[in-house]
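For reference, the structure is listed below as structure tokens.
The values are calculated or read from the model by the stated rules, or taken from the named source; none is laboratory data. The shown structure was predicted, so the numbers you read here are calculated from the model rather than taken from an experiment. Ideal geometry is used to build each Cβ from the backbone, glycine not excepted, and the neighbour counts take in all protein chains shown. Protein only, heavy atoms only, side chains kept; ligands, DNA and RNA dropped before computing areas. Shrake-Rupley method; radii C 1.70, N 1.55, O 1.52, S 1.80 Å.
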Amino acid sequence: ANCESLVELYSEYFPIGVALPDHVIRNKVYHDTINANFNSITCENEMKADALLDEAKSKAGLPGTYLCPEVNFARCQAAIMYALDNGQKIRFHTLVWQNQTTEWLFTEDYTRNGKLVSREVMLQRMENFIRQVLTYFDENYPGLIYAVDVVNEAYNGPNVTVQTTNNRWYDTIGEDYIYYAFKFARKYAADYMKLFYNDYNCLQKTNKLPVNLQQLKDEGLIDGIGMQSHFSVNNNAIEILMAVKTFCKAGYEVQMTELDIGMENKNPWYWKKQVALYKDLFEGLVELKEEGYPITGVTVWGLSD
């Protein structure tokens, strides 16, 4: 009750993070609130593949860039500098995702309507992309990235299987693209970078995700599961905490990576339900942490959340 900030309140338990778009990071009016309450930040979009991959240089560099697409970190520099200047750590979001990964990455000539490359070529492009990203941060900003969403939202097919539609990673590599993404990430990630599979609707995936990820766990390629945690006031803390426990008992660190609790409208009754759910959820997370469950981060998805 005497704590003045979220960071202070939960300092003994887990990092408290916030997702920030570039325009918020650049606006000084928010800085005091960010620095008082959070010790971890996630870029909302600026570290996704479409922000890092450089189409013009990749195309201009052919054939030399055929197996190694060019990357450019200009769009996330503001976030990097902000974190360094203010003692923040960064959750990297995200390396391999079927969305916000541009079509040209998967084609023979790096055009948006070209012929798709072979599995062998795409595996090399994936490895080189992951290598460049992870080694860039380790070599230039050692210790800054403490967690990496290696694969995002892959198990969204029927009955929690791999998404096979609108998924160029699947089209070019096959179902095992998830395995290779983690294999390459483990190969190039520094020891301080924990590797996560990140997904939504985790309350409905508690039985399936540990099975799907078992080979990665057996081979030591994954550290944790990121629960995006887009909830509503109609959820209850018990079902959320049970999912956290299930993933922890399966041998994973758990981070709530995109927490928000939505309301149908802003009448006082919904505000009270939101407050009650946040209270029950955080008290439950603290209790689980005290019991030894490896909960290693909570990030709210937006400063207003």
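Tabulated data
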item	result
Some residue of the range 110-127 being among the hydroxyl-bearing types (Ser, Thr, Tyr), under 26 Å from residue 193 (Cβ atoms) and either touching a strand residue (DSSP E or B) at 6+ places or on another chain (Cβ under 6 Å) or open to solvent by 10 Å² or more (accessible area, probe 1.4 Å) (or both)	no
Of all residues making up the range 141-184, the number that are surrounded by fewer than 17 Cβ atoms within 10 Å (Cβ to Cβ) and β-branched (Val, Ile, Thr)	3
Residue list for the range 26-52, filter: closer than 25 Å to residue 101 by Cα and either open to solvent by less than 10 Å² (accessible area, probe 1.4 Å) or of a type in the set (Gly, Ala, Ser) (or both)	40, 41, 42, 43, 47, 49, 51, 52
Tally, over the range 259-295, of residues that are among the β-branched types (Val, Ile, Thr) and either touching a Lys or Arg at 6+ places or on another chain (Cβ under 7 Å) or farther than 27 Å from residue 30 by Cα (or both)	2
Residue tally, condition charged (D, E, K, R) and open to solvent by less than 60 Å² (accessible area, probe 1.4 Å), over the range 128-140	1
Filter result for residue 84 (surrounded by fewer than 21 Cβ atoms within 10 Å (Cβ to Cβ), touching a residue at least 40 places away in the same chain (Cβ under 8 Å), of a type in the set (A, V, I, L, M, F, W, C) and in contact with a strand residue (DSSP E or B) (Cβ under 9 Å, 6 or more places away or on another chain))	no
Unique match (being of a type outside the set (Lys, Arg), touching a Lys or Arg at 6+ places or on another chain (Cβ under 6 Å) and not in a strand (DSSP E or B)) among 77, 132, 124, 100	100
Qualifying position, being touching a residue at least 12 places away in the same chain (Cβ under 8 Å) and either open to solvent by 20 Å² or more (accessible area, probe 1.4 Å) or polar (S, T, N, Q) (or both), among 203, 221, 216, 209	203
Check on residue 282, modelled with pLDDT of 95 or more, more than 19 Å from residue 146 (Cβ to Cβ), out of contact with any Ser or Thr (no Cβ under 8 Å at 6 or more places or on another chain) and in a strand (DSSP E or B)	no
The one condition in (1) touching a Lys or Arg at 6+ places or on another chain (Cβ under 7 Å); (2) within 26 Å of residue 155 (Cβ to Cβ) that residue 91 fails to fulfil	(1)
Residue within the range 288-295 that is at pLDDT 95 or above, buried (at least 16 other Cβ atoms within 10 Å of the Cβ), more than 28 Å from residue 21 (Cβ to Cβ) and basic (Lys, Arg) present	yes
In the range 62-72, the residues that are out of contact with any strand residue (DSSP E or B) (no Cβ under 7 Å at 6 or more places or on another chain), in contact (Cβ under 8 Å) with a residue 24 or more places away in the chain and open to solvent by 20 Å² or more (accessible area, probe 1.4 Å)	62, 66, 67, 68
Among (1) under 23 Å from residue 44 (Cβ atoms); (2) within 15 Å of the chain's Cα centre (by Cα), the one test that residue 163 misses	(2)
Failed criterion for residue 231 (all others in (1) among the aromatic types (Phe, Trp, Tyr); (2) open to solvent by less than 40 Å² (accessible area, probe 1.4 Å); (3) touching a Phe, Trp or Tyr at 6+ places or on another chain (Cβ under 9 Å) hold)	(3)
Which listed residue, of 192, 197, is touching a strand residue (DSSP E or B) at 6+ places or on another chain (Cβ under 7 Å) and open to solvent by 40 Å² or more (accessible area, probe 1.4 Å)	192
